[in-house]
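Structure first, then comments.
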Amino acid sequence: MTLAQLKEEIIAYSSSIGIDKIGFASADPFVELKERLITQQNLGYQSGFEEKNIDKRVYPDLVLPEAKSIIAIALAYPSKMKNAPLSKRDERRGLFCRASWGEDYHTILKQKLVLLQSFILEKVPTAKVVSMVDTGELSDRAVAERAGIGWSGKNCSIITKEFGSYVYLGEMITTIPLPPDTPIADQCGSCTKCIDACPTGAIVQGGQLDSNKCIAFLTQTKTFLADEYREKLGNRIYGCDTCQQVCPENKGKDFHLHEEMEPDPEVVKPLLKELLFISNRDFKEKFGSLSGAWRGKKPLQRNAIIGIAHYKDQTAIGDLEKLLKEDTRPVIRGTAAWAIGKIGTDQSKIILNAAKEREKDADVVAEIEKGLNLLKNQKI
């Protein structure tokens, strides 16, 4: 069997197991990527979730000695939810981004890669392979771009002709020198809709992202959210879809090809107040299968409090007061204090002044003061 024939068999098999798109790239060093990564690092634009060793992200043979090629895969996920519950006056809801709908995509793609790996090793038993999804050493986007899966959009997502940017990416490094595919030329042109629409200005310029300003990153942090981002967060519980939603290439793109990716509306659009006191056990049972649950419940509860403040939900004041009095976590108490001031009911000032008398944590006291200042501005 020639390498070209093997490639065709891999393509056919990948389709049979539900891989929506597959591409092949050389395992040559990603030299241009290294320069960009160093720039990002020097500018302080990295999120901290990336592989720390830049060389491992650039040189595939540091991950797999004698690496010859990389197989990139993409799976399309839905962009529209069926039977989405409405957010009502006394039942306000938050929202998980589309990439956190359904079963954790890391699990889904890893299962596909395991099947693909087994198939390849049956064909070439002497081959060596290393697979990864999202948290691996290589840049999923750089690999997918080189392999012709799609082009790298100004919104820092891979955009495919077939599915837009609503795709999950994974890759497999191998010692087999498979024939490479041709990269797709950039097709964003002069469009800047994603840059213009970014709520926090995180897309510095086309293809360059300041991760520390990106709402998708901010929803995953565990500390107090900076004041300037609280208004921008809205009712987002995890992630942000704005730059994808405004992209012309995503217009009309909505694929329901994988049952395990279908969202449970009550899970991905949850009632905000129900998140406030959820136990660890109930959290794992309800949200544990989502990719958005990987940081635990604390960031999502903080975001839920900010979402309640966004809606100025007066029916939640009692719940927020309970958090301010009883929660052991300063970030939750402090965010609740700020939210009480933001909502601004007749009871808010009494609640915050009482909390100020008993609170010992300096950060929480500062948030109480923010809440009281918000009340002054509202003349309450």
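Bear in mind that the values in this text are calculations on the coordinates, not laboratory data. Note that the structure is a prediction, hence the values are computed from the model and not measured. For neighbour counting, all protein chains shown are included, and Cβ atoms are generated from backbone atoms with ideal geometry for every residue, glycine included.
Looking only at Cα atoms, what is the convex hull volume of segment 193-377 per residue, in Å³? If you can, show how the numbers build up before the last one.
Details: hull volume 24.6 nm³, N = 185.
Taking only Cα atoms, segment 193-377 has a hull volume of 133 Å³ per residue.
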* Hey, in the chain, which Cys have no second cysteine's beta-carbon closer than 4.7 Å? -> CYS97, CYS156, CYS188, CYS191, CYS198, CYS214, CYS240, CYS247
* Asked: What does a probe at LEU62 reach in segment 15-56, counting residues whose amide N is under 13 Å from the point 7 Å along Cα→Cβ?
  -> 29-31, 33-35, 37-38, 51-56
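Between their Cα atoms, which of LYS154/LYS253; LYS273/LYS376; LYS232/LYS269 are more than 21 Å away from each other?
From LYS154/LYS253; LYS273/LYS376; LYS232/LYS269, over 21 Å: LYS273/LYS376.
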* Take segment 319-373, compute every pairwise Cα distance, and split them into 10 Å bins from 0; I just need the percent in each bin. => 31, 64, 6
* To do: Just grab the label-to-label distance for HIS256 and THR223, each label 7 Å out from Cα along the Cβ direction, in nm (one decimal).
  => 4.3
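At R0 = 35 Å, how high is the FRET efficiency between GLU103 and ASP361 if r is their beta carbon distance? Nearest 0.05 is fine. Show your work: numbers first, answer last.
On the way: r = 38 Å, r/R0 = 1.09.
Once the sixth-power term is evaluated, E becomes 0.40.
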* Asked: Which value results for Rg/Rh of segment 1-81 when Rg is the Cα radius of gyration and Rh the Kirkwood radius based on the inverse mean 1/r?
  -> 1.08
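Which trypsin sites (Lys or Arg not before Pro) in segment 267-329 pass both tests, a DSSP loop state and at most 14 other beta-carbon atoms within 10 Å? Working shown, then result.
On the way: sites: LYS273, ARG281, LYS284, LYS286, ARG295, LYS297, ARG302, LYS312, LYS322, LYS325; in loops: ARG295, LYS312.
Answer in residue order: ARG295, LYS312.
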* **Residues in segment 249-287 reached by a label modelled at GLU91 [backbone nitrogen below 16 Å; 7 Å Cα→Cβ]** => 265-275
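Could you tell me which GluC sites (Glu not before Pro) in segment 103-172 are loop residues by DSSP with no more than 14 other beta carbons within 10 angstrom of their beta carbon? Intermediate values should be presented prior to the final figure.
On the way: sites: GLU103, GLU122, GLU137, GLU145, GLU162, GLU171; in loops: GLU103, GLU137, GLU162.
Sparse-neighbourhood loop GluC sites (Glu not before Pro): GLU162.
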* For the chain, max minus min Cα coordinate along each principal axis, in Å, sorted largest first? -> 79, 42, 38
* Asked: Taking H as built 1.01 Å from N, whose amide H comes closer than 5 Å to the amide H of CYS156, not counting residues under 5 places away?
  -> GLY207
* Go ahead and collect, in residue order, the members of segment 36-76 whose backbone nitrogen is under 14 Å from a label point 7 Å along the Cα-Cβ direction of TRP294. => 47-52
* In sequence order, what are the phi-derived ³J(HN,Hα) couplings for segment 327-340 according to the Karplus relation 6.51 cos²θ - 1.76 cosθ + 1.60 with θ = phi - 60°, rounded to whole Hz, with x for glycine and proline? -> 5, 7, 9, x, 4, 6, 4, x, 5, 5, 4, 4, 5, 4
